[in-house]
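Asks: Let me give you the structure first, and then I'll get to my questions.
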Amino acid sequence: MKNEKNYSKEHLLYLKDVKRKSVFINVVRFAVLFLLLGLWELSAHFEWVNPFITSSPSRICKTIADLYQNGSLFLHVSTTLWETLLGFFIAVALGYSIALLLWWSEAFRRISEPYFVVLNALPKIALGPLIIIWFGTGSKAIVFMTVLIGLIVAILNMLNGFMSTDENKLLLLRSMGASKLQLLTKLVIPSSLPNFISMLKINVGMAWIGSIMGEYIVSKAGIGYLIVYGGQVFKLDLVMSAVFILCVLAAIMYALVALLEKLVIKNQK
């Protein structure tokens with residue numbers, strides 16, 4: 001980190017203003033969150049709304065505590081978490097590799113691009129019965145659903161990043177005798193790094209959608225299973241608790257990707 005003595009007085013004032021605004025925004029964010037939770041709790045307590053339908057923060061905390069005490073909390077969380085992470089990493093790695101092949105071969109890209117667009121538009125839930133037949137009723141079907149939802153998104157995002165490389169820079173390297181592999185490693189991949197981070201952020205949501213959707217179709221454990229079971233037996237506190245846990249896990253995963261983005265930006269400076 002640079003010594004602040006190297007900065008001018010005006011720049012130091014600017015940095016202080018940026019920090020002040022950042023602190024203000026974070027304080028307001030938490031204040032709004034606590035206000036909404038407080039209003040939700042009061043509305044349920046005084047029955048301004050039906051607590052059976054809307055649940056409440058205190059009821060959610062009690063339900064989560066009950067799941068922890070009976071030993072099922074970590075079972076359901078770990079089941080969904082590993083399915084989501086496995087599907088996420090497979091979709092990202094496979095999607096990135098296919099996008100590289102599409103960039104490398106124009107003929108392959110022109111042949112396969114319409115099929116990827118159609119697959120992206122296809123509602124994946126429609127393939128549920130086929131997935132069950134292909135992979136059975138275990139975790140393999142859920143992971144496959146997660147990969148299926150995130151894969152096309154990864155391919156199209158990364159292909160867009162590769163294809164948007166500055167043509168002038170490509171022309172300059174070609175004029176210097178650079179091979180296609182050198183173009184790829186020295187320019188195309190580094191310049192597509194923002195698209196890669198953006199793709200990771202999008203695929204965080206896609207991975208959770210895929211795993212929960214898969215658990216809706218077939219599961220014996222997991223957060224999606226809790227949501228389906230809670231809805232079937234009208235335990236809406238359980239449904240809301242599962243949704244809350246899902247939000248926390250998705251937020252943590254997104255925060256890790258955002259941290260990776262900051263580290264990448266810092267190393268590029």
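Asks: Need at least 1 residues that are touching a Phe, Trp or Tyr at 6+ places or on another chain (Cβ under 6 Å) per element, so show me which helices (runs of 4 or more DSSP H) inside the range 28-110 make the cut, counting only ones lying wholly within it. Before the answer, list the steps.
Replies: Numbers: elements: 51-54, 57-69, 73-104.
Passing ranges, in order: 57-69, 73-104.
Asks: Looking at 211, 198, can you tell me which residue is under 30 Å from residue 131 (Cβ atoms) and touching an Asp or Glu at 6+ places or on another chain (Cβ under 7 Å)?
Replies: Exactly one residue qualifies, and that residue is 211.
Asks: With the requirement that a residue be under 25 Å from residue 189 (Cβ atoms) and among the aromatic types (Phe, Trp, Tyr), what does the range 63-102 give you?
Replies: 88, 89, 96
Asks: Look through the range 27-55, keep the residues that are modelled with pLDDT under 85 and within 27 Å of the chain's Cα centre (by Cα), and return whichever of them is nearest to residue 237 (Cα to Cα).
Replies: 55
Asks: Restricting the range 118-154 to residues that are in a helix (DSSP H, G or I) and out of contact with any helix residue (DSSP H, G or I) (no Cβ under 8 Å at 6 or more places or on another chain), which is surrounded by the most Cβ atoms within 10 Å (Cβ to Cβ)?
Replies: Here is the first cut: in the range 118-154, the residues in a helix (DSSP H, G or I) are 118-121, 124-135, 139-154.
Subset that is out of contact with any helix residue (DSSP H, G or I) (no Cβ under 8 Å at 6 or more places or on another chain): 118, 121, 126, 129-130, 133, 140.
Details: 118: 10, 121: 8, 126: 8, 129: 10, 130: 10, 133: 9, 140: 15.
Selected residue: 140.
Asks: Let me ask something else about it. Among the residues of the range 89-131, write down those that are among the aromatic types (Phe, Trp, Tyr) and touching a residue at least 12 places away in the same chain (Cβ under 8 Å).
Replies: 96, 103, 104, 116
The values are calculated or read from the model by the stated rules, or taken from the named source; none is laboratory data. Since the model is a prediction, treat every value here as computed from it, not as a measurement. All Cβ positions, glycine included, derive from the backbone under ideal geometry; neighbour counts span all protein chains shown.
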